[in-house]
Structures are given as C-alpha cells and as structure tokens.
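Note sheet for the following structure.
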Amino acid sequence: LVCIDAAKFCATDALDLTQHPADFVSLSLYKIIGYPTGLGALIVRNEVGHLLRKRYFGGGTVEASVSDGSFWRERQELAERLEDGTISFLSICAIRHGFQLLNGLGGIKAVHAHVTALAAYLYTEMTCLRHHNGAQVCWIYGFPEEEGGGGARGGK
C-alpha cells in the first residue's frame with residue numbers, strides 16, 4: 001500500500017497521481033487556499049477502500065445500531081462511513097470561492113513559481129549575510145545548487 005501525506009506538498013505544487021500512484025492521499029484545503037480550517041480530503045483508491053475499518057462510530061456513519069453496542073451496520077458508501085458528525089456546510093461553500101481566487105491568480109503553477117522565486121531570493125540574501133568580523137552568519141543545508149547538487153553552502 002502507498003500512502004501520501006500531500007498536505008504540505010499540495011500547498012505549492014500540483015500532485016499528479018498518474019505519475020505517483022497511491023492508494024491513499026491526504027491533503028489540507030486550508031494549506032492550498034488558506035481557508036477553511038479543519039477541512040481536507042482523503043483520496044482513496046476504490047480497490048482498497050474496504051481496508052478502512054473504524055473501531056467506533058458516530059454521527060451518521062452507521063445505518064443502524066443498538067445502544068449497548070452489540071450491533072451496528074455501517075453505511076455502504078466509504079465517504080459516509082468515514083464522516084463523523086455534521087459537516088461544516090458554510091466552510092464547504094467557501095471552498096469554491098477559494099479555488100476561484102487561486103485560479104484567478106494563475107493557479108498552483110503560479111504559486112509554485114512565486115514560492116520558488118522567494119526561496120531563491122532568501123537563499124541568496126541569507127548566504128550573503130556576514131558578521132562584523134566577516135564570518136558567515138548562515139549555512140544553508142539542502143537547497144539545490146544550479147548544477148543539481150545539494151549540501152551546505154555559505155556565502156559567495
């Protein structure tokens with residue numbers, strides 16, 4: 001089974017599940033469009049949905065139950081089995097507007113380009129910082145070099 005926690009990644013990049021197939025993918029709408037908090041998505045490949053079994057139930061996730069807990073019947077649809085309680089309808093309505101705004105700004109590709117430019121700027125500025133005696137202030141680890149390498153790098 002392949003599980004991807006794409007919450008951080010999807011904030012600045014497009015996830016192509018044809019190139020990176022997964023059985024389960026979780027993401028946060030807040031990190032993508034900035035609102036609403038508490039809403040996200042769990043994308044489940046149909047063939048593995050039966051593997052998700054809850055040990056408890058609540059608010060609408062079962063068709064029938066007996067109060068002593070000796071019997072319950074789960075809902076048939078996976079999403080209905082996993083969604084506990086009342087969903088936030090007003091927050092869900094806001095998602096459409098958030099994606100409209102994101103698309104109006106050029107979509108996730110524009111966000112990615114902007115974040116990449118900011119990271120490059122920050123990298124350049126931080127590696128140029130010097131103490132009063134000329135010693136480097138910052139060492140940056142892991143930022144990819146133009147040649148494709150990584151590692152630590154100080155100033156110029």
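The values are calculated or read from the model by the stated rules, or taken from the named source; none is laboratory data. Every value quoted in this text rests on a predicted model; they were computed, and no experiment measured them. Here Cβ is always computed from backbone atoms with ideal geometry, including for glycine, and neighbour counts include all displayed protein chains. Surface accessibility is based on the protein's heavy atoms, side chains included, excluding ligands, DNA and RNA. Shrake-Rupley method; radii C 1.70, N 1.55, O 1.52, S 1.80 Å.
Give just the number: which of (1) free of Cβ contacts under 8 Å to residues at least 24 places away in the same chain; (2) within 27 Å of residue 34 (Cα to Cα) does residue 68 not satisfy?
(2)
From 60, 40, 69, 85, grab the single residue that is small (Gly, Ala, Ser) and at pLDDT 85 or above.
Exactly one of 60, 40, 69, 85 is small (Gly, Ala, Ser) and at pLDDT 85 or above, namely 40.
May I ask you to say which residue of 113, 135, 117, 152 is at pLDDT 90 or above and farther than 22 Å from residue 31 by Cα?
Of 113, 135, 117, 152, the one residue that is at pLDDT 90 or above and farther than 22 Å from residue 31 by Cα is 135.
Taking the stretch 1-38, which residues are touching a Gly at 6+ places or on another chain (Cβ under 9 Å) and small (Gly, Ala, Ser)?
7, 14, 26, 28, 34
Check the stretch 110-120 and report whether any residue there is open to solvent by less than 50 Å² (accessible area, probe 1.4 Å), hydroxyl-bearing (Ser, Thr, Tyr) and part of a helix (DSSP H, G or I).
No, there is no match, as no residue in the stretch 110-120 is open to solvent by less than 50 Å² (accessible area, probe 1.4 Å), hydroxyl-bearing (Ser, Thr, Tyr) and part of a helix (DSSP H, G or I).
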